[in-house]
Structure formats: structure tokens, C-alpha cells
1. What are the residues in region 161-183 that are closer than 28 Å to LEU64 by Cα and open to solvent by 60 Å² or more (accessible area, probe 1.4 Å), if any?
2. Hey, SER26 hits all of (1) at pLDDT below 85; (2) open to solvent by 30 Å² or more (accessible area, probe 1.4 Å); (3) in a helix (DSSP H, G or I) but one; which does it fall short on?
3. Within region 184-193, work out how many residues are within 7 Å of the ligand (Cβ to nearest atom) and either over 16 Å from the mean Cα position of the chain (by Cα) or open to solvent by 40 Å² or more (accessible area, probe 1.4 Å) (or both).
4. Considering every residue within region 161-177, establish whether at least one is near the ligand (Cβ under 9 Å from one of its atoms) and under 17 Å from HIS63 (Cα atoms).
5. Only one of these is more than 16 Å from the ligand (Cβ to nearest atom), without any contact (Cβ under 8 Å) to a residue 60 or more places away in the chain and under 30 Å from GLU80 (Cβ atoms): LEU100, LEU122, LEU133, LEU107. Name it.
6. Of all residues in region 195-204, count the ones that are assigned to a helix (DSSP H, G or I) and surrounded by 14 or more Cβ atoms within 10 Å (Cβ to Cβ).
7. Name the helices (runs of 4 or more DSSP H) wholly inside region 58-174 in which the number of residues that are closer than 19 Å to CYS192 by Cα and β-branched (Val, Ile, Thr) is 1 or more.
8. Out of the residues in region 61-77 that are over 21 Å from the mean Cα position of the chain (by Cα) and either aliphatic (A, V, I, L, M) or not assigned by TED's automatic domain parsing to the domain that holds PHE45 (or both), which is surrounded by the most Cβ atoms within 10 Å (Cβ to Cβ)?
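The values are calculated or read from the model by the stated rules, or taken from the named source; none is laboratory data. Predicted model, so just to flag it, every value in this text is computed and none were measured. Methodologically, a virtual Cβ is constructed for each residue, glycine included, from the backbone with ideal geometry; neighbour enumeration extends over all protein chains shown. Areas reflect the complete protein model, heavy atoms only, side chains present, ligands, DNA and RNA absent. Shrake-Rupley method; radii C 1.70, N 1.55, O 1.52, S 1.80 Å.
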Amino acid sequence: MIENLQLYQKIIVGFSKLSQAMKNKSWERGSQRKISPTQGQILAFLAGRKKDAITSLSDIVDHLGVTAATVSDAVRILTEKGLIKKTVGLDDKRLINHTLTLKGLKLAQEVSEWPDFMNQALDVLPADDHERLFLILIKMIRQLQVRGEIPVSRMCATCQYFRLNMYSDNQRPHHCAFVNEPFGNRNLRLDCPDHQEADAQLLDKNWNELINKK
Ligand code: SF4
């Protein structure tokens, strides 16, 4: 147990070093474009929404997992800069929808390329390690979501359309019932606009299989 705790501690220190490196890069590149990391995250989130999706302030708060005041402030600044536009809902006039302007979309695309320095670090790892690392991250994210430590993200592991290990094909063992296609571990989604939360039975089944998957 003590040995495990010592190893956990080292893993946590490793995560915090990676997180600090990403934060530093994010600040450095954000300050060149005069936007904060939170504003960058909002732009990237809106860019990943479906064209016809309604995005309220509370959707952004839920996704980012920060306070409503922080999001409200960031959205106000992005709106003043002409990067976000707000429109009143057609069916419900109380609903304010947030979408990107063309200028906002362009900046959002640049923002999503910020972690390219991490690509270089990942490039040196053997190809098998990439998938293994990705699966480990999915399991950790799911576990933290269940414990309410981080916001829920719309990932395959919790989706009603996800059929884990449906096929014997190692490259594409899973099935997405939404697009009706097989797919592999590397195509598992972490934030899919077509995600529908799975019922409790499917969630349990997928989770029990996934947690033991190597
Ligand atoms: S709809 Fe999206 S989240 Fe659901 S299984 Fe298909 S790809 Fe995954």
C-alpha cells in the first residue's frame, strides 16, 4: 500500500508538471493574441459545438468547470472583441445562444493548435504507448467525473450509442450506433456533439469492461 502511494505521488507530480507546461504555453500564446486561457477554452468549446446547437452560459460553465462569474466575464470580453455573438432563442426568448463570429472561428482554430509542443513530446513514444496512454486517460477522466471532481464530458465511454468490443477486429473493435460504423481505440471521442448519456445498465456494463481493458 505504502509503495503504491509513493508511486501515485510520483504520477501526480508528473501530471502537474505537464499541466504547468501546458498552462505556461497557453498564457504565452494567449498573451500574444491578447486572450486568457479561459477565453481560449471557451472559443475552442464553441468551435466544437454542432452548427444548430444552442449554447447557453450555463452550458459553457458546465463544460469548463469554473464559476459562472469567471465565464460571464470571459464571454463579455470575447463579445466586446467581436469573437462571440449572442442571439435570443427563437422558441424561448429568455434563452441566450452563444456562437462564434467568423473572426472568433479563425482564432478558435489557432487556439486548438496551441498544444503542438506536446505533439513533439508524444512523437518520441512508440505507437502502442499512444493508445495505452489514451485509454488510461479516459479511465481516469471517467473516474474523476463519477466522483464529481471534474465536469462531465460527452465521451464514448458514457454514450448510449457506444458498443464496446463488439467485434474481434483489434484495429476496430467498437461500434458507434449513431453513425452505424465500427471504430478503434484511437477514435474514441472525449467530447462528441452527438453524445447521448447512456442508461445506468449500459454505463455499468461498458465501464466494467473498459476498466479492465489493457
Ligand atoms: S455518438 Fe459520439 S460519443 Fe456516442 S459512441 Fe458515437 S462517437 Fe462515441
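1. Listed by number, the residues that qualify are TYR161, ARG163, PHE178, VAL179.
2. (2)
3. 1
4. First, pick out the residues of region 161-177 that are near the ligand (Cβ under 9 Å from one of its atoms): 161-163, 174-177.
The next check asks that each one be under 17 Å from HIS63 (Cα atoms); those that pass are none.
Within region 161-177, none of the residues are near the ligand (Cβ under 9 Å from one of its atoms) and under 17 Å from HIS63 (Cα atoms).
5. On the way: LEU122 fails: under 30 Å from GLU80 (Cβ atoms); LEU133 fails: under 30 Å from GLU80 (Cβ atoms); LEU107 fails: without any contact (Cβ under 8 Å) to a residue 60 or more places away in the chain.
Exactly one of LEU100, LEU122, LEU133, LEU107 is more than 16 Å from the ligand (Cβ to nearest atom), without any contact (Cβ under 8 Å) to a residue 60 or more places away in the chain and under 30 Å from GLU80 (Cβ atoms), namely LEU100.
6. Step one: filter region 195-204 for residues assigned to a helix (DSSP H, G or I), giving 200-204.
Pick out the ones that are also surrounded by 14 or more Cβ atoms within 10 Å (Cβ to Cβ) and you get 202-203.
Matching residues across region 195-204 total 2.
7. On the way: elements: 68-80, 102-112, 116-123, 127-146.
Counting at least 1 such residues, we get 102-112, 127-146.
8. Top of the filtered list is ILE77.
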